[in-house]
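Okay, so here's the structure we're looking at.
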Amino acid sequence: MQRYQKSYLKNNIYLYPIEYRVVKPYCVKKLVGRDYDKIIFKAGYRTGAPRYECDYKGYLIENIKHEFFGNEEITVFSLPL
């Protein structure tokens, strides 16, 4: 998903102030009712892809509109970094 937020570079990964994940069963299973100390984001799926570890600050459930989804409103988990 393209993002239109200001990104910053850390550990060779372009990060955004908030990371979004569409509310789907996999993300619900991983986030709802759980608490973590850290969260790891990986820049791609290849072996050896850069990783960024940050403190887990919880999540919010939001409805957003984005052209990636045809400008339709979609429900997402927003994870502040």
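Observations, loosely collected:
- Within segment 42-58, not a single residue is free of Cβ contacts under 8 Å to residues at least 60 places away in the same chain and touching a Cys at 6+ places or on another chain (Cβ under 9 Å).
- Within segment 23-42, the set of residues being part of a strand (DSSP E or B) and surrounded by 10 or more Cβ atoms within 10 Å (Cβ to Cβ) comprises I39, I40, F41, K42.
- Of all residues in segment 24-75, those being in contact with an Asp or Glu (Cβ under 6 Å, 6 or more places away or on another chain) and β-branched (V, I, T) number 1.
A quick yes/no check of all residues on (1) modelled with pLDDT of 80 or more; (2) of a type outside the set (K, R); (3) more than 15 Å from the chain's Cα centre (by Cα):
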position	(1), (2), (3)
K6	no, no, no
L9	no, yes, yes
Y14	no, yes, no
V22	yes, yes, no
P50	no, yes, yes
D55	yes, yes, no
Y59	yes, yes, no
F77	yes, yes, no
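- Within segment 43-80, tally of residues that are part of a strand (DSSP E or B), farther than 20 Å from K24 by Cα and of a type outside the set (D, E): 3
The values are calculated or read from the model by the stated rules, or taken from the named source; none is laboratory data. In this text, all values refer to a predicted model and were calculated from it rather than measured experimentally. With ideal geometry, Cβ positions are generated from the backbone for all residues, glycine too; neighbour counts draw on all protein chains shown.
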